Amino acid sequence: MEFSSSAARRHRHHPKDKLLVIMGATGTGKSRLSVELATHFNGEIINSDKMQVYKGLDTTTNKIPLDDRLGVPHHLLGEVDSEAHGELTRSEFRSLAGKAVSEITARRKLPVLAGGSNSFIHALLVDRFDPEYDVFDERSDQPADSSKVLLRYNCCFLWVDVSLRVLEDYLLKRVDDMLNSGMFDELAEFYDPEEDHGPANWTGLRKAIGVPEFDRYFERCRPGEKGEWDRVRREAYEEAVREIKENTCQLAKRQIGKILRLKKLGWDLRRLDATEAFRAVMTSDSGKRCSEIWERQVLEPSVKIVKRFLDE
Ligand code: ATP
């Protein structure tokens with residue numbers, strides 16, 4: 001009795017920190033929206049993409065380029081050395097990102113969490129994190145335990161959604177664009193012929209989509225007889241690209257499944273439909289038209305939601 005009344009008092013005097021959370025599958029424009037909202041509301045961004053926390057492979061993992069960050073501070077983006085540190089666990093992410101939330105709040109700025117790793121997002125946000133519990137494991141017959149999703153922050157959740165068919169078309173194109181803008185060279189440099197490339201070694205950054213797929217290409221395509229190797233090389237390259245495209249679309253589907261799961265368990269996710277903006281990108285409308293649709297259908301409603309949240 002004594003404890004609960006003092007806990008209630010503490011709660012009254014220390015309301016939970018406010019946090020803006022931007023969720024969505026890979027490729028849906030979370031990074032762009034996070035910078036736009038952080039600029040509008042004086043925020044700082046904390047990355048919650050499992051692969052982008054690591055140093056290196058900036059193109060392969062799709063880190064937002066420095067110019068596009070528009071001076072907004074980004075935390076946990078390319079900060080962890082995967083080789084020296086090993087794989088970043090959910091508990092470690094919870095503690096690093098939790099510290100970042102406190103520091104940003106202490107600077108009287110708005111912390112904005114953005115990234116596609118729903119297990120990291122869940123680990124950071126829940127009141128009581130249990131490393132043994134997998135909230136996304138739907139195999140068990142047990143009813144979902146909603147006490148496992150109670151929040152330790154006052155969260156405003158935005159979910160950027162794009163219809164899967166449009167998103168898949170976009171992702172296929174994005175892989176080609178990434179390959180044209182340096183992904184292959186980046187992976188060639190990352191590849192170490194001395195290393196064991198078996199699944200047991202796929203940890204940390206080596207799990208990034210692109211690494212295992214191209215490891216197989218680099219293994220097979222050492223220099224050889226020219227004519228024959230040209231054909232083998234081309235086929236191996238095409239196979240790697242095919243696998244990357246397939247794995248990226250699978251990732252998007254899994255991420256959407258996880259977001260729906262968290263919604264079902266009670267997280268109040270506000271869905272923003274960016275399908276039309278992406279459709280405009282895919283039908284090669286002018287960049288200006290895409291931006292107009294994005295602003296009207298994604299940015300403006302987001303600004304309204306966040307404004308209301310901050311005024312509460
Ligand atoms: P899981 O439990 O499956 O790891 P998660 O929600 O914790 O899911 P996700 O962010 O969905 O984490 O990442 C799952 C996998 O998808 C990663 O291990 C990696 O293979 C791939 N992946 C995720 N983000 C990226 C990225 N930015 N670049 C390349 N690959 C990525």
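A compact table of results
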| read-out | value |
| --- | --- |
| Scope segment 158-206; condition over 30 Å from Arg271 (Cβ atoms) and within 17 Å of the chain's Cα centre (by Cα); matching residues | Gly204, Leu205, Arg206 |
| Boolean, Lys109 is of a type outside the set (A, V, I, L, M), out of contact with any Ser or Thr (no Cβ under 6 Å at 6 or more places or on another chain) and touching a residue at least 60 places away in the same chain (Cβ under 8 Å) | yes |
| Test: residue in segment 105-128 that is away from the ligand (no atom under 16 Å from the Cβ), part of a helix (DSSP H, G or I) and modelled with pLDDT of 95 or more | yes |
| Subset of segment 63-91 [small (Gly, Ala, Ser) and either farther than 20 Å from Ala200 by Cβ or within 15 Å of the chain's Cα centre (by Cα) (or both)] | Gly71, Gly78, Ser91 |
| Helices (runs of 4 or more DSSP H) (entirely within segment 221-312) containing at least 3 residues that are at pLDDT 95 or above and loosely packed, with under 14 Cβ neighbours inside 10 Å | 226-264, 300-311 |
| Residue in segment 163-171 that is more than 23 Å from Arg90 (Cα to Cα), free of Cβ contacts under 8 Å to residues at least 60 places away in the same chain and among the charged types (D, E, K, R) present | yes |
| Tabulated pairs, segment 244-268, first within 16 Å of Lys173 (Cβ to Cβ) and small (Gly, Ala, Ser), second in a loop (DSSP other than H, G, I, E, B) and within 13 Å of the ligand (Cβ to nearest atom), C-beta under 7 angstrom, 6+ apart or interchain | Ala252/Ala25; Ala252/Thr26; Ala252/Gly27 |
| Qualifying positions in segment 158-209 - of a type outside the set (Ser, Thr, Tyr), in a loop (DSSP other than H, G, I, E, B) and closer than 27 Å to Val112 by Cβ | Val162, Ala208, Ile209 |
| Positions within segment 61-87 being outside any loop (DSSP other than H, G, I, E, B) and either free of Cβ contacts under 8 Å to residues at least 60 places away in the same chain or out of contact with any Gly (no Cβ under 6 Å at 6 or more places or on another chain) (or both), in sequence order | Leu66, Asp67, Asp68, Arg69, His74, His75, Val80, Glu83, Ala84, His85 |
| Verdict on Phe136 being part of a loop (DSSP other than H, G, I, E, B) and either within 13 Å of the ligand (Cβ to nearest atom) or in contact with a strand residue (DSSP E or B) (Cβ under 6 Å, 6 or more places away or on another chain) (or both) | yes |
| Checklist (1) surrounded by 18 or more Cβ atoms within 10 Å (Cβ to Cβ); (2) free of Cβ contacts under 8 Å to residues at least 12 places away in the same chain applied to Glu92, failing item | (1) |
| Count - residues of segment 32-66 that are within 11 Å of the ligand (Cβ to nearest atom) and at positive phi | 2 |
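The values are calculated or read from the model by the stated rules, or taken from the named source; none is laboratory data. Remember, it's a predicted structure, so these values are computed and weren't measured experimentally. Heads up, the Cβs are rebuilt from the backbone with ideal geometry, glycines too, and the neighbour counts pull from every protein chain shown.
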